[in-house]
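So the structure is just underneath, and the comments pick up after that.
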Amino acid sequence: MESVFFGIAITVFAMWFTANYTEKGIGSMSEATRQFSLFFLNKAPAGLVDLFEDKPGSGARTWINFGMLWFVFSSICGFLGLWHHYDPTALDSLASIGWSYDNGDALTATTTKFLGVAVFSTLVGAGLVSISRSSNGKMASEASASLSAFLFTLTTIFAALLPSLLGLLGQDIDSAINIVLIDAVSKLAVAMIVAGLFVNVLLTVANRGDEEVSTSAWFLIFALLTFILSMFLGFFGELAGSTQIVWLAGQMGSSWVILSLIFSAAYHIIPMTSGIPIWSASMRQANLFLLFITLPPFFIASASASTTLLNLGAIVMTLGLLPIIAGSVNLLFTASGNTSAIVKSPGALAATLAMVLLPLYAIGAFFTGMDVFLGTGQLGDMATTLDMGFLWTVGGLMILSGAYISHPLACNKELSEPSKANLTVWFVLFGGFASTITNLIGDFTIQAVANSGVEDAVAQTEGFYLVGAALFYFTAIGAIVATLVVIRTSASKLTSSHSQTSVSDINTYNLGDGTTSIRTLLGRGVGVDTTLVVGEMEEDEGGSTVIAVSAALHDDEVTEFPEEEVVEEEQSESTGNELTMLVDYLVDSGQTIFQFFESIDLDNSGMVDAYEFQMALKNSKVANLPPWEMDSLIAAIDIDGDGQINLPELSIAIAKIRKANAAKQSTPEVEVPSKAQLNKMKKAELVELATSLGLDTSGTKKDLVSLITEA
């Protein structure tokens, strides 16, 4: 039996066990396990964890801060690496301090490692913000989360410097024993650090109450679990001399972890900013399930296996495109529901652009990765270029999304300098994508000349690599400016209430059975102006259909339902007086309701806010009301609760006053809106108007329109 199947079986079992007990708990042992875990997080290592504060958001903020520093450092190394690719003698001046390169392989490997750390750290921080917002607003132990970020960074630095330290001690750093020792120590140390964070995440998710685990939380949980398993599988695979286990660990630690962290951040940032629930639950489930049972095409290494296993791996790699495309399309359709809010937010814009580019990089990496996987060896350089382009462009954009959305939320601050933040998004996008295309052209030129069969043919690619390095300079500048924006955001005095200013294009949500909380609804995308409807659902015949979305806010199962009959509230005596005076004013001035509304709608928006209505009453000498009394007047007229008045609402309010005064004095005939205006009204508004006219309110919306028109 192939040893890779053993590693896959361990991974699948660990994921099933984690998913099952995250959802259901562990029975009577839940409380005891929770208390023990909290004691472990808050007290171990003794004294060290006390150096970090336990304020809400501090853990996520620490992860993101370290991630941004790694992003700057890796972008500088990336620029040097690309320039060295163009000019191999560019770094010879470093020989004076004992640092020289025979080629750029060491610099490329260092850049890849540090960039991976930057993506991992920042997106872990973004994921911590997501789960804490749906779990009482904080991690189970913010201090432990900060400590894990500090130790993770310290271990990464130590592992990078250890070869040089061994060289200073006279050790042969190129010996196989020392290489395995360095790799084993770093893997075990990092695995233990991330394991502590993993326990912290599970405890935080357990504080969600009766709410379902969010999609973002699932991706974060599986990302951390996969990372831990990849470290242990890689360590024991090296000890056992199993190249297949080592290969599997490498694929898990690179493609699975990075992609799941990307989707974890995107599934929180895009719906929250747009105010729109996830577009499709089925595509979301396919994204989550298929990602961990297929082979993503990024960072594919050559596999030493039988022909049967290679063919099976090729099939699984082909299927690996499905979850990537499903997740990207799902999130793009979600963002399209409120594009104005996405464009106004630099972080959400970065995440959306990342979802646009992710399928393109995945398809390109599939063809080059398949060549590497099967051992053909013709597209190896292009595969590396695409993999690094994916990290720089998609990974870089997701780093910015976490820095511009999740970091301000963790700091409870407003994003500082949004214009500069928006500029860095386009810098990283242009620099990463343009340099990838340019370097790919250079790699393709070399491959084409090599395959031409012409002896002594030399590919002139220096120009491509020079342009690629110059274009990548935009990414490096974007990373530096983005880090400055993050620092200024942390130091800003503009606090935020964590509320989103975007308004959902879906105005009504249907709440089903069960319980929920305002924090959960806001965190998952409900806007502040969204109407929550609780009631029995049935089909509404004719007219416009109103779509209701489940309170889970991540399902695409929709039902049709009629508007519930609005309970008529008695207006206060003062409100009735002002409206009665307004009726008298209309009669005296000879204006229709439409003419009056048109005259007070100063911005021609079709809506009148409290200020416009206050000025209209004052100028018409009906009443000069203070703002606090205007609120009650607006509330009495405002049927849909959006804080503004439209023409149908004003017509209904006037009709009510005229009907109430009909027994006392003669009033002009109630004005009825035109049929076109009636068709635009909601059924609840039609019911109100029919009631004010003394008409039958039963029947469908179409029946009410016909009845009111004929009245």
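Every number here is computed from the coordinates shown, using simple stated rules; none is lab data. Since we're looking at a predicted model, the values are computed, not measured. Glycine also receives a Cβ, built like all others from the backbone with ideal geometry; neighbour counts cover every protein chain displayed.
Arrange the peptides 254-263, 79-88 so that the one whose residues have, on average, the most other Cβ atoms within 10 Å appears first. Don't skip to the end; give the middle numbers.
Values: 254-263: 26.2, 79-88: 19.8.
Ranked from most to least packed, the peptides come out as 254-263, 79-88.
Estimate the FRET efficiency between Asp642 and Ser490 by the formula 1/(1 + (r/R0)^6), using the beta-carbon distance for r and 25 Å for R0, to the nearest 0.05.
On the way: r = 36 Å, r/R0 = 1.43.
About 0.10, to the nearest 0.05.
So for each of 365-376, 384-395, 301-312 I average, over its residues, the number of other beta carbons within 10 Å; can you give me the resulting order with the highest mean first? Kindly include the intermediate steps, with their values, before the conclusion.
Numbers: 365-376: 19.2, 384-395: 25.2, 301-312: 13.4.
Result, highest mean first: 384-395, 365-376, 301-312.
Report, by chain and number, residues whose modeled amide H sits under 5 Å from the one on Lys413, excluding near sequence neighbours (fewer than 5 apart, same chain).
For Lys413, the qualifying residues are Ser496.
For Lys55, which lysines qualify as cross-link partners when the Cα separation must be under 18 Å and same-chain residues fewer than eight apart are set aside?
Output for Lys55: Lys43, Lys138, Lys413, Lys493.
Where does each of Glu2, Glu212, Glu142 land when they are ranked from fewest to most other beta-carbon atoms within 10 angstrom? List each step's numbers first, then the result.
Values: Glu2 14, Glu212 17, Glu142 26.
Neighbour counts put them in this order, fewest first: Glu2, Glu212, Glu142.
How big is the shadow of the Cα convex hull of region 255-302, averaged over all directions, in nm²?
Numbers: hull surface 14.8 nm².
Quarter of the Cα hull surface area: 3.7 nm².
Report the extension gain between Ser340 and Phe289 in nm, rounded to one decimal, defined as 0.36 nm multiplied by the number of residues separating them, less their alpha carbon distance. It would help to have the intermediate numbers written out before the result.
Values: separation 51, 0.36 × 51 = 18.36 nm, distance 3.13 nm.
That pair, Ser340 and Phe289, stretches by 15.2 nm at full extension.
Give the shape of region 188-228 as rounded, prolate or oblate, defined through the alpha-carbon gyration tensor: a ≥ b ≥ c are the square roots of its eigenvalues, a/c under 1.5 means rounded, and otherwise the shape is prolate if a/b is larger than b/c and oblate if not.
oblate
Distance cut-off 29 Å, Cα to Cα: go down the list Lys621/Lys656; Lys621/Lys701; Lys621/Lys659 and report the pairs above it. Provide the component values of the computation, followed by the final result.
On the way: Lys621/Lys656 22 Å; Lys621/Lys701 38 Å; Lys621/Lys659 23 Å.
Going by Cα-Cα distance, Lys621/Lys701 fall outside the 29 Å limit.
In what sequence do Ser452, Ser416 fall when counting other Cβ within 10 Å, fewest first?
On the way: Ser452 10, Ser416 19.
Lowest count first: Ser452, Ser416.
Computed from the mean reciprocal separation of all distinct C-alpha pairs, what Kirkwood hydrodynamic radius does region 197-312 have, in Å? All intermediate terms of the calculation are to be shown ahead of the outcome.
Details: mean 1/r = 0.0629 Å⁻¹.
For region 197-312, inverting the mean 1/r across all distinct Cα pairs yields 15.9 Å.
Give me the distance in nm between label points sitting 7 Å out from Cα along the Cα-to-Cβ direction at Ser674 and Ala660, one decimal.
3.0
What is the distance, in nm, between label points placed 7 Å from the Cα along the Cα-to-Cβ direction at Phe236 and at Gln595?
Simple spin-label model gives 8.7 nm for this pair.
Between Asp588 and Thr308, what length in nm is gained on full extension when 0.36 nm per residue of separation is reduced by their alpha carbon distance? Don't skip to the end; give the middle numbers.
Values: separation 280, 0.36 × 280 = 100.80 nm, distance 9.13 nm.
Full extension of this stretch gives 91.7 nm more.
Given points 7 Å out from each Cα along the Cα-Cβ axis, report the Ile480 to Phe367 separation in nanometres with one decimal.
3.6
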